[in-house]
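Here the structure comes first, spelled out in structure tokens, and everything after it is commentary.
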Amino acid sequence: MSKSIRLSEEAYNRLVAHKEDDESFSDVVLPLAVERSLFELAGVLSDEQADAFEDAIEERRFRRHDDLEGVAKEIQES
């Protein structure tokens, strides 16, 4: 059984770019739509990339904390 779907021109072109001559579009889409475990991501980033990512997350946590403290002060003062 097959289904028809609508794709933007850009999405279609990306699929075509990944498709080999002997593959169907289903062959291209199925590996992309698979659910993955976090364990499968192990080793995807280099140590330097992982450190930079961790630093960016930590920086965002501090900024969010500061933002929330500012909102809490505003609420207390009003």
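Once you charge only the Cβ atoms, +1 for Lys and Arg and -1 for Asp and Glu, what is the size of the charge dipole of the chain about its Cα centre, to the nearest 20 debye?
Around 500 debye, computed over the chain.
Could you report region 22-78's accessible area per residue, 1.4 Å probe, as an integer in Å²?
Normalised by residue count, the accessible surface of region 22-78 is 96 Å².
Per the 1.4 Å probe, what fraction of the accessible area of the chain, in percent, lies on carbon and sulfur atoms?
Carbon plus sulfur share of accessible area: 53 percent.
How long, wide and thick is the chain, going by the Cα atoms along their three principal axes, in whole angstroms, largest first?
Over the chain, Cα extents along the principal axes are 66, 36, 22 Å.
Against the longest alpha carbon principal axis of the chain, how many degrees, from 0 to 90 and to the nearest 10, is the axis of helix 9-18 turned?
Helix 9-18 and the main axis of the chain meet at about 70 degrees.
Got a sec? Charge dipole of the chain, +1 on Cβ for Lys and Arg, -1 for Asp and Glu; which of Met1, Ser78, Val44 is way out at the positive end?
Met1
Provide the packing ranking of 33-42, 5-14, i.e. peptides ordered by the mean count of other C-beta atoms within 10 Å per residue, highest first.
Averaged packing, sorted descending, gives the order 5-14, 33-42.
To test your reading of the geometry: what angle, between 0 and 90 degrees and rounded to tens, separates the Cα axis of helix 47-77 from the longest principal axis of the chain?
The helix 47-77 is inclined about 50 degrees to the chain.
The values are calculated or read from the model by the stated rules, or taken from the named source; none is laboratory data. Everything numeric in this text was worked out from a predicted model, so none of it was measured. Methodologically, a virtual Cβ is constructed for each residue, glycine included, from the backbone with ideal geometry; neighbour enumeration extends over all protein chains shown. The area values use the complete protein model at the heavy-atom level, side chains included, leaving out ligands, DNA and RNA. Shrake-Rupley method; radii C 1.70, N 1.55, O 1.52, S 1.80 Å.
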